[in-house]
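Below you'll find the structure, written out as structure tokens, and then a few comments.
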Amino acid sequence: MPQATFVLEGDTIDFTAAAAVAVGDVVVQGDLVGVVTRTLAIGELGALIVEGVLDFTKATNVAYTAGQILYWDDTNNVVTATATGNKVIGKVVRAALTADPTVRIRMSQ
């Protein structure tokens, strides 16, 4: 018996919604952060994006530099540079100014 068997590439994973979610919603499952690929009703099977480059909502009073590690603040639904109490989502791939509503991140967990 093999110790491991290939299942899929891993840029998306199966996800069963515990609550209704909309496309683009960020979902935190333990230390795993993913982005919903389509609107799902409670109990419906769908997928979460867990790898790739995405634009995430950010607070407009902060700037981020390329290469900076960012975290998901699930309370305020924005990215943050604060690790405490938040989950890592990846690194900035395009600098974001304070006035920018989003920041581009390469997801890596």
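Worth a mention:
- Residues in the chain average 60 Å² of solvent-accessible surface per residue, probe 1.4 Å, ligands and nucleic acids excluded.
- Size of charge dipole - region 9-77 - debye, nearest 20, with Cβ of Lys, Arg +1 and Asp, Glu -1, no other charges: 220
- Sulfur and carbon atoms: percent of accessible area, the chain [1.4 Å]: 54
- Shape category assigned to region 70-109 from the gyration tensor of Cα positions, a/c cut at 1.5: oblate
- In order along region 103-109, phi translates into HN-Hα couplings of 9, 8, 10, 8, 5, 7, 10 Hz, rounded to whole numbers, per the Karplus curve 6.51 cos²θ - 1.76 cosθ + 1.60 with θ = phi - 60° and x for Gly and Pro.
- The charge dipole of region 48-101, taken about its Cα centre with unit charges on the Cβ atoms of Lys, Arg (+1), Asp and Glu (-1) only, comes to about 120 debye.
- Area accessible to solvent at Ile42, 1.4 Å probe radius, in Å²: 130
- Pairwise FRET efficiency - Ala99 versus Ala20, Cβ, R0 = 30 Å, nearest 0.05: 0.40
- Three-way shape label, region 1-62, alpha-carbon gyration tensor, a/c 1.5: oblate
- Positive-end residue, the chain charge dipole about Cα centroid, Cβ charges, pick of Val93, Val78, Ala19: Val93
- Cα coordinate range in the chain, projected on the principal axes (Å, largest first): 50, 33, 23
- Modelled label positions at Asp31 and Ala81, each set 7 Å beyond Cα in the direction of Cβ, lie 2.4 nm from each other.
The values are calculated or read from the model by the stated rules, or taken from the named source; none is laboratory data. Fair warning: this is a prediction, and the values are worked out from it, not measured in the lab. No Cβ is skipped: glycine too gets one built from the backbone with ideal geometry, and neighbour counts run over all protein chains shown. Accessible surface is based on the protein model in full, side chains and every heavy atom, while ligands, DNA and RNA are left aside. Shrake-Rupley method; radii C 1.70, N 1.55, O 1.52, S 1.80 Å.
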